Each structure stands twice: as structure tokens, then as C-alpha cells.
Amino acid sequence: MSAFHPGQLVMVDIQGKRLDAATADFLRQRRIRAVCLFRKNLGTEEEVRQLTRDLREVMGPGALIGLDQEGGSVVRATFLPQAPSAMALGAADDAALAESVGAAVARGLRSIGVNWNFAPVLDINNNPANPVIAERSFSEDADDVTRLAGAWMAGSLREGVACCVKHFPGHGDTHVDSHLDLPTVDKSRAELDALELRPFKALRDAAPSVMTAHIVYPQIDPDYPATLSKKILGGILREEWGYEGVVITDALMMKAICDRYGYARAAVLALQAGADMILAQGSLEEQGQSIAALEAAFASGELSAELGQRACARLDALAAAYPVRHDDYAGAPREADDALMRSAWARGLTALRGATAPARDAALRVLVQPDVPTDGVSEAGLHGSQVAALFDGFARAEIVMVDDILNLPASALHSDTHQTVLVSTHRMRYPAAAAAWRPDLHLVLWNPFQALDVPAPTVVSWGYAEGALAGLKAWLEGQADATAMSPVLLD
């Protein structure tokens, strides 16, 4: 095996929308070959292309440039055709459609120089209280997740962008966000085999890379979260399943890891456990700590040279199979992909409890929160003006902006003169008091599990991209149906 440098096993993030001289020097000196982009890095489409060209020049032909472009609320390149969320595709329940969407996502990313997409999500959202997965999951059924995610991935790989299935061994049954604290899933190996692990095991040969979960599974390893667990990464994924693709950690700066282990120690533990690459966000100093810790561990023998060479070889193979490109994406191909995305969103629209569109001449009172900020994982929610535009065809619609849609008094939903339409653009679940709310129509534009909180006729869009809104507006105006079936229990 050839020589390697520990910096080749670290993916970093950068500041700003351009590659400044100090960051370029840091990447060169530390021999970093992988960068993860976030919204803070994405300006105009041409600015992104220039950024990735510059990164490719600095990092070389084996560069890995990644981001999260799952679809739905978790997208970074919002200027590309906006893909439906996984659960919208789960509602449409069409593997061919999922494959076409995965391919279209890849074509867009390929055009801006991104060759590694941290998608699709294989988590099975069987916990309605899950604060971070929800509509990012295809279904609560393991077979449906496997079928649809596998199809989505096949489309992406065919178009030349590497996928990364996540979050191994499963983030669907948590009620804690690992960005904020360390979740625990107290299930036996038999229980995990019966549900959470099934999509990962079924798709392991097709998936070029896997992202770990910052979750403790105490019946498997009571001492370490999966990201740092030899029993989970080394034992189940590597030895038992024989997985030889790239294993990358979720971000080490997430509080589930950083607050307990710190950047430096976590980096060493992750490679010891079976990871090939760590995701070290933060300042140049913090990222440098991770690299320095790996350098020291390799120098002392705590990490073996063989381990480093094997990890580097896997990363080399990934970059060779999915090189950074900047293909043209203008005109008819892009327009066709945009039409595909809009159609896919519309096909996922789901009506519950007999929901019907209001009459065009009905007096409506529409309640919506004007702004929902980003939580750092998802993009910001809709602005109230975008919701108001859904009702442009209703001459007697009164739009009422409320400070906090989650804490409405029940009286706000009562009107003797208007039909009340409650529109949720919020990520969080409603409080228990919502069980007493009785709107005439509930439109759920983000977290589908809000449908469980309000016992009213409901339409679920599974997201709030332009295609979702266009489909919902067509339904409101009586020009489209909402006949898809929910892939999770909402009644």
C-alpha cells in the first residue's frame, strides 16, 4: 500500500463563498482532500462552480466535495431543481419515480462540481416524536425504505455522483436530536436486525459510502456511540457484513460527540472503530486539532499505518469512481428535471380524514406563522407571504399572521363567519393543547406527524419546496387530487 497523510482522512468545512488564501494554504499544508459545503458556502450558481473548481485545483484529482442534498427541507443548493423529500416519494410509492429523482439530483450536483451527496436516508422513522428525521425518511416500513432508497441511490450512481447512506445503524427511533445531545436506542440486536439494520444490510453492496449515527445502542455497546464503537462499525458493518466501502462519521462538532469526547479524541476513536474519514467542522484551529490528534496517533502506533493506508485506498477508489465534474446543465435537460421534481411533489400530496378543498367563494380565515428560521439541519421554513399566495384564487380569504403557530389559543381557531384553515410551516410538533383545536382544514407543510396532533381534516405536502406549493395550490383550487397514501401512520 502507498504512503498516506492523516489529513487525507479528514473532511473539513470552510468559511465563506470563496476559497480564500489562508484556507487554501491550510488545505495544501494539511493535505486535505475532502470538503463539505453548507448553505454558508453557496452563493450564486456560478459562484459555487468557481468555488468547487478552486477546491478541485487545491485538493487535486482525488478531491471529494460533499454536501447534503436529500430533498425536501434538507437541501443546500436551493438554486437547483428542488427534489421532493423522501417521505413525499414514500407517499407516491413509485420506485421508478424515486430512481428518476435520484438521477436528477445527481445531474444538478454534478454540474456544480459536487461528487459526494450525503443521501439517501435509510433511517426508518417509526417514532413520531423523532425531532430530526421525520419526512427525511422514506417510510416506517423497512422494505419500503429499502426499495425506494435503493432506487433513488441507483439513479444517483448512474449519473456519476457518489451516495452516502445514513445514519448507520439507524436514527429513526430517537426522540433526541444528536446535534444537541446524545440519543440512546435501547434495542436488542434481534430488534435492530428486524427493523433498523435491514435497509443498511440489504443495500450495503450498492452503497459506496455509509455515514455513522451519534447514538448509543447500549445492548450492543454500552460504552460508545455508534460513530466511535468498534462493536458496531468494526464488528457488524466491517467484519460481519464485510463492508468495504467508505465509512464517514457524522459531524464531530455535534454536541453528542464534541461535548463528551472533544475533536481530538473522537477523531482517533472513530478511526479505531472502523471509520475511514472523520467530518471535522469548525474553525481551522479546531479542524487542525483533529488532524494533529491523528498524526500523533499514527506516529505513536495507537493507529496503525495499515489502517491508514486501507482507509486512504477506499477514499481513493471513491474519488476515482466519482470524479469532480462541471457538466453543462442548461436548457432542456434542466427544465425536464424541474418538471420531474414538481410532478413528483404533486404525486405525494396526501389527504387525511376526508379533507376536501374549500369552495372558491368561501370566506376563509388562514392562520400561519410569518417566519420559521433554520435549525441548522433543515433550510428555513416558508415565509407567510408564500402561504398567502396559495390563496390568491380565493377572493374572501383573510390571512392572519400569528407569532407562534405552536401556541395558539383554541379561540383563535373559532369563527362563526369564516372557515378556519390552519397552515403549519413549522418543524416542531404541536403541544398537547392542540388536541382541542378544531380547524376546518389543516395544511401540514413540513413535519407530517403534526397531523397526529390536530384532529381535523388534513392535507400533508411532506415539504414546502416550489413543487410542493404548486401541487397544494392546484388541490386548493380544485384542479388536482391528493390521493397518495401516507407511508407512516398519521390517523
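The values are calculated or read from the model by the stated rules, or taken from the named source; none is laboratory data. Here the structure is a predicted model, which is why all the values come from computation and not from measurement. Cβ placement follows ideal geometry from the backbone for every residue including glycine, while neighbour counts extend to all protein chains displayed.
Descriptive notes on the structure:
- Where ARG18 falls short, out of the listed (1) closer than 23 Å to ALA267 by Cβ; (2) outside any helix (DSSP H, G or I): (1)
- Here the range 118-132 is the region considered, the condition is being surrounded by fewer than 24 Cβ atoms within 10 Å (Cβ to Cβ) and among the hydrophobic types (A, V, I, L, M, F, W, C), and the residue that is nearest to ALA213 (Cα to Cα) is VAL132.
- Only one of the listed residues (ASP186, ASP205) is of a type in the set (D, E, K, R) and within 20 Å of GLY234 (Cβ to Cβ). That residue is ASP205.
Yes/no per residue for (1) more than 20 Å from the chain's Cα centre (by Cα); (2) more than 21 Å from VAL74 (Cβ to Cβ); (3) crowded, with 17+ Cβ neighbours inside 10 Å:
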site	(1), (2), (3)
SER137	no, no, yes
LEU148	no, no, yes
CYS164	no, no, yes
ILE215	no, no, yes
ASP223	yes, yes, no
SER229	yes, yes, yes
GLY234	yes, yes, no
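- Single residue of VAL366, VAL400, VAL387 found to be in contact with a Leu (Cβ under 7 Å, 6 or more places away or on another chain) and not in a loop (DSSP other than H, G, I, E, B): VAL400
- Residue among LEU284, LEU294 that alone is surrounded by 18 or more Cβ atoms within 10 Å (Cβ to Cβ), touching a strand residue (DSSP E or B) at 6+ places or on another chain (Cβ under 9 Å) and either over 30 Å from LEU413 (Cα atoms) or touching a residue at least 12 places away in the same chain (Cβ under 8 Å) (or both): LEU294
- Among the candidates GLY66, GLY43, residue that is surrounded by fewer than 17 Cβ atoms within 10 Å (Cβ to Cβ) and either at pLDDT 95 or above or within 25 Å of ALA321 (Cβ to Cβ) (or both): GLY43
- Any pair with Cβ under 9 angstrom, 6 or more apart, that starts in the range 395-414 at a residue that is under 12 Å from ARG365 (Cα atoms) and ends at one that is among the hydroxyl-bearing types (Ser, Thr, Tyr) and in a helix (DSSP H, G or I): ILE399/SER385
- When LEU422, LEU406 are checked against the criterion of being more than 21 Å from THR356 (Cβ to Cβ), outside any loop (DSSP other than H, G, I, E, B), in contact with a His (Cβ under 9 Å, 6 or more places away or on another chain) and not hydroxyl-bearing (Ser, Thr, Tyr), a single residue qualifies: LEU406.
- Some residue of the range 396-417 being touching an Asp or Glu at 6+ places or on another chain (Cβ under 6 Å) and either outside the structural domain of GLU99 (by TED's automatic domain parsing) or within 18 Å of ALA474 (Cβ to Cβ) (or both): no
- You will find that of ALA96, ALA77, the residue that is closer than 20 Å to ARG334 by Cα, free of Cβ contacts under 8 Å to residues at least 60 places away in the same chain and in a loop (DSSP other than H, G, I, E, B) is ALA77 and no other.
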